[in-house]
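Quick notes on the structure that follows.
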Number of protein chains: 4
Amino acid sequence: MGQWSLFLQPYKQAVDELKIKLKGIRSQYELEDVHTPVEFITGRVKPLASIYDKTLEREMVFEPSEQLAEEIQDIAGLRIMCQFVDDIATIVATLRKRNDLEVIEERDYISHKKPSGYRSYHIIIKYPVQTIHGEVTILAEIQIRTLAMNFWASIEHSLNYKYEGELPTEISHRLERAAEAAFRLDEEMSLIRDEVKDAQMYFSAFKET
Amino acid sequence: MGQWSLFLQPYKQAVDELKIKLKGIRSQYELEDVHTPVEFITGRVKPLASIYDKTLEREMVFEPSEQLAEEIQDIAGLRIMCQFVDDIATIVATLRKRNDLEVIEERDYISHKKPSGYRSYHIIIKYPVQTIHGEVTILAEIQIRTLAMNFWASIEHSLNYKYEGELPTEISHRLERAAEAAFRLDEEMSLIRDEVKDAQMYFSAFKET
Amino acid sequence: MGQWSLFLQPYKQAVDELKIKLKGIRSQYELEDVHTPVEFITGRVKPLASIYDKTLEREMVFEPSEQLAEEIQDIAGLRIMCQFVDDIATIVATLRKRNDLEVIEERDYISHKKPSGYRSYHIIIKYPVQTIHGEVTILAEIQIRTLAMNFWASIEHSLNYKYEGELPTEISHRLERAAEAAFRLDEEMSLIRDEVKDAQMYFSAFKET
Amino acid sequence: MGQWSLFLQPYKQAVDELKIKLKGIRSQYELEDVHTPVEFITGRVKPLASIYDKTLEREMVFEPSEQLAEEIQDIAGLRIMCQFVDDIATIVATLRKRNDLEVIEERDYISHKKPSGYRSYHIIIKYPVQTIHGEVTILAEIQIRTLAMNFWASIEHSLNYKYEGELPTEISHRLERAAEAAFRLDEEMSLIRDEVKDAQMYFSAFKET
């Protein structure tokens, strides 16, 4: 356990730093009185139990190692929630331009949603952490999604866990209908998006006077 | 300004305390491995500009006073977000039983949604705050809603601000359709609610072993 | 372990609430532009390992029970640090007047310091916590001390742990000299206390203009 | 005011990030069961009123500018408090090795204390902040001191403010005696430092088993 704590420490540090940095994006947009693409941020270090499951799945040895650090890319995980689907592209563009991290992979499950109905945009980054023994570079995953996508995904996650990935047909159908309802909500929101963005600017400008 | 700071201090203190207390509800459910009705909590003291607008609207004098403290019931405001519509009743029942606050009014905008499409459950409470000069009892408002209700409400709020409550017909229509999509999502979610609640219990139990 | 988590939950909740409440005292003094007796606050739930040591020492059974809750009074522990020795009395008076807790015991290790050199003011309180199953009243300990007392105490704590309470004569002497130096610092500070209190008021008033 | 908010935003962001990073140093030492040189961290952005005073003192124009950013080096300020005088050198060495900041100046007011009795170690760093418009490099000041140095410094600061730097002889004498008492405490603590460091290691090791 001591070895795992030491191994996971830079990941914990990275999650703490990245949360502060991503929240900073939100603050800057607010200060400039424009619509902010960032609604809220969450972050976590993958629990040991989930790392263990992953090693089983991939037939790897369950011990802290360089190989494990390379293969399991979401040990440090951040999630950015936005109001509108279009905000996702804005955030991705902002992340690509930063000098304190390097985007090494992108997976677009929005243009190409998973068969389950899962929608989200995933980015894998390299991130350098300064430790008391020098610099360590780790991988981290940033997931970007709308509130509706996030809502649905948390439900699906629980159900998959219960049925170990083998959903009964009936439940699978209901989950699909919920995915459609979530998608529909995102669509309707997109239609009033420009109106709302205007309104938010007006709203902020008004506050300042 | 100094007078307003002193007047608002117990409200700020109440918001800080109530946030910790409501978050405690969430922690307790999690610890007992049952579905938690509380998804997340936010809180704020009403900004002075909004208090000012309210005094204009109600033709009151804009100054710290007992009358103002009685008439503007949401100077201290808390919001509880839940996954499912049914969770709202669970939370209300829990709040009614607490000894550290007194529920003095309830407004059910879920059974009776507002013409705009607004849905939410509002509770007004009396809450005693201990100050360095003795006990002060203040009023606070707690709003309880699903994630979908909350999403829609934040959009409507921005638009109403822009148009000062007079939405153009076209925008009003779009907002209605978004309200329907949000309602639909809540309905679909309710249909798989029991499955998900089971799954969450299973999920937590599994984690423990 | 599950049983202990459930048993300790109201203590954790109490520590969280009391930290917010005691920090509120500090904010109020600052707002009123007078010297604040509260420098900073810390809090913790007693670690299980320390609870275990205590049960050994007192020949009690190590299991969650009412008896244990009554005998070990510092399962929930808060610490208030102040700048000046005189601030301690101010804080004690403020705590005695609160309606959300009941002071049931006071131990004055400042007028009567322990043979080791330990100085601090201890208060035992009864504190009601609202849980999802109703109200639970717990005991908590609040320690009040100056920064110098706190500094010395943390050093003594480490040393006692190492030597299991049996300090070698040489180390015991050095610790005594450090206690004297800490006491001396408190004395010198007391002598300029009124000057500084004035200065702080002036300082704050100046800021406001 | 809007211009100042925009100008100060990267400084605020830097303070938030550096607090998380410096706290990380503490966590790492704790995890490795060795004495941590970092006791606690504070940080702040210099208030506008203090920036204004500084511009008066240096006969500069009070407006956001590159010149101001270069001349006032402590707009972003961090403070690291330690238990022992020797810890200061350890922290300085750690900071010099980091790749996410550049130390550009050091002022050692410990070997060379100020005439007032002020002791502290100051470091000026260059720190790159990622904004939504690209990278901005700012200056920040990190002050490193023992708890006793910090205690004395906060008292001196209040008094100097009150008397605008012209302390009456009597008060000046008292302040000197307090500085001596603080120095004395640091000396006594240094003498038991190795004992305590051992004890802390033992203490942590013991906890782990």
Discussion item. Quick check on my filter: what residues within segment B:23-48 are free of Cβ contacts under 8 Å to residues at least 60 places away in the same chain and within 9 Å of chain C (Cβ to nearest Cβ)?
Written reply: B:LYS23, B:GLY24, B:SER27, B:GLN28, B:TYR29, B:LEU31, B:GLU32
Response to the item:
Going through segment A:96-111 in order, the residues found to be away from every other protein chain (no Cβ under 14 Å) and either closer than 18 Å to A:GLU156 by Cβ or of a type in the set (A, V, I, L, M, F, W, C) (or both) are A:ILE104, A:ARG107, A:TYR109, A:ILE110
Worksheet, complete the sentence: Going through segment C:112-127 in order, the residues found to be surrounded by fewer than 20 Cβ atoms within 10 Å (Cβ to Cβ) and more than 20 Å from C:SER154 (Cα to Cα) are C:ILE124, C:LYS126
Discussion item. Can you confirm whether C:ILE155 is more than 30 Å from D:TYR161 (Cβ to Cβ) and either buried (at least 23 other Cβ atoms within 10 Å of the Cβ) or touching a Pro at 6+ places or on another chain (Cβ under 8 Å) (or both)?
Written reply: yes
Worksheet item: In segment B:19-77, how many are closer than 15 Å to B:SER5 by Cα and part of a strand (DSSP E or B)?
Response: 3
Response to the item:
C:ALA93: passes all of (1) within 13 Å of chain D (Cβ to nearest Cβ); (2) of a type outside the set (Val, Ile, Thr); (3) free of Cβ contacts under 8 Å to residues at least 24 places away in the same chain; (4) in a helix (DSSP H, G or I) but (1)
Discussion item. Condition check: part of a helix (DSSP H, G or I), more than 7 Å from chain D (Cβ to nearest Cβ) and modelled with pLDDT under 85. Does C:SER158 satisfy that?
Written reply: no
Worksheet item: Which condition does A:GLN67 not pass, out of (1) closer than 28 Å to B:LEU147 by Cβ; (2) more than 14 Å from chain D (Cβ to nearest Cβ), if it passes all the others?
Response: (1)
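For (1) of a type outside the set (A, V, I, L, M, F, W, C); (2) modelled with pLDDT of 95 or more; (3) under 29 Å from A:ARG177 (Cβ atoms), each residue gets a yes or a no:
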site: A:ARG96; (1), (2), (3): yes, yes, no
site: A:GLU105; (1), (2), (3): yes, yes, no
site: A:TYR121; (1), (2), (3): yes, yes, yes
site: A:ILE124; (1), (2), (3): no, yes, no
site: A:PRO128; (1), (2), (3): yes, yes, no
site: A:ILE142; (1), (2), (3): no, yes, no
Discussion item. For the list (1) on the phi > 0 side of the Ramachandran plot; (2) out of contact with any helix residue (DSSP H, G or I) (no Cβ under 9 Å at 6 or more places or on another chain); (3) at the interface with another protein chain (Cβ under 10 Å from one of its Cβ atoms), I need the number of the one condition that B:GLU59 fails.
Written reply: (3)
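Counting just the residues of segment A:161-189 that are part of a helix (DSSP H, G or I) and among the small types (Gly, Ala, Ser), which one comes out nearest to B:ARG184 (Cα to Cα)?
Filtering segment A:161-189 for residues that are part of a helix (DSSP H, G or I) and among the small types (Gly, Ala, Ser), the one nearest to B:ARG184 (Cα to Cα) comes out as A:ALA181.
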Worksheet item: Checking B:ILE80 against (1) closer than 29 Å to C:LEU95 by Cβ; (2) in contact (Cβ under 8 Å) with a residue 12 or more places away in the chain; (3) touching a strand residue (DSSP E or B) at 6+ places or on another chain (Cβ under 7 Å), which single condition isn't satisfied?
Response: (1)
Item to complete: Go over the candidates C:ILE110, C:ILE20, C:ILE75, C:ILE51 one by one and state the one that is without any contact (Cβ under 8 Å) to a residue 12 or more places away in the chain and hydrophobic (A, V, I, L, M, F, W, C).
Response: C:ILE20
Discussion item. So if I check each of A:ILE104, A:ILE110, A:ILE91, which one is within 26 Å of A:ASN150 (Cβ to Cβ) and touching a helix residue (DSSP H, G or I) at 6+ places or on another chain (Cβ under 7 Å)?
Written reply: A:ILE110
Discussion item. Within segment A:138-155, take every residue that is part of a helix (DSSP H, G or I) and touching a residue at least 60 places away in the same chain (Cβ under 8 Å) and give me the one that is farthest from the other protein chains (Cβ to nearest Cβ).
Written reply: A:ASN150
Worksheet, complete the sentence: Selection over segment B:164-209 where residues are farther than 30 Å from A:LEU48 by Cβ, surrounded by 14 or more Cβ atoms within 10 Å (Cβ to Cβ) and at pLDDT below 80 yields a count of 1
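The values are calculated or read from the model by the stated rules, or taken from the named source; none is laboratory data. Everything quoted here is computed from the prediction, not taken from an experiment. Virtual Cβ from ideal backbone geometry, glycine too; neighbours counted across all protein chains shown.
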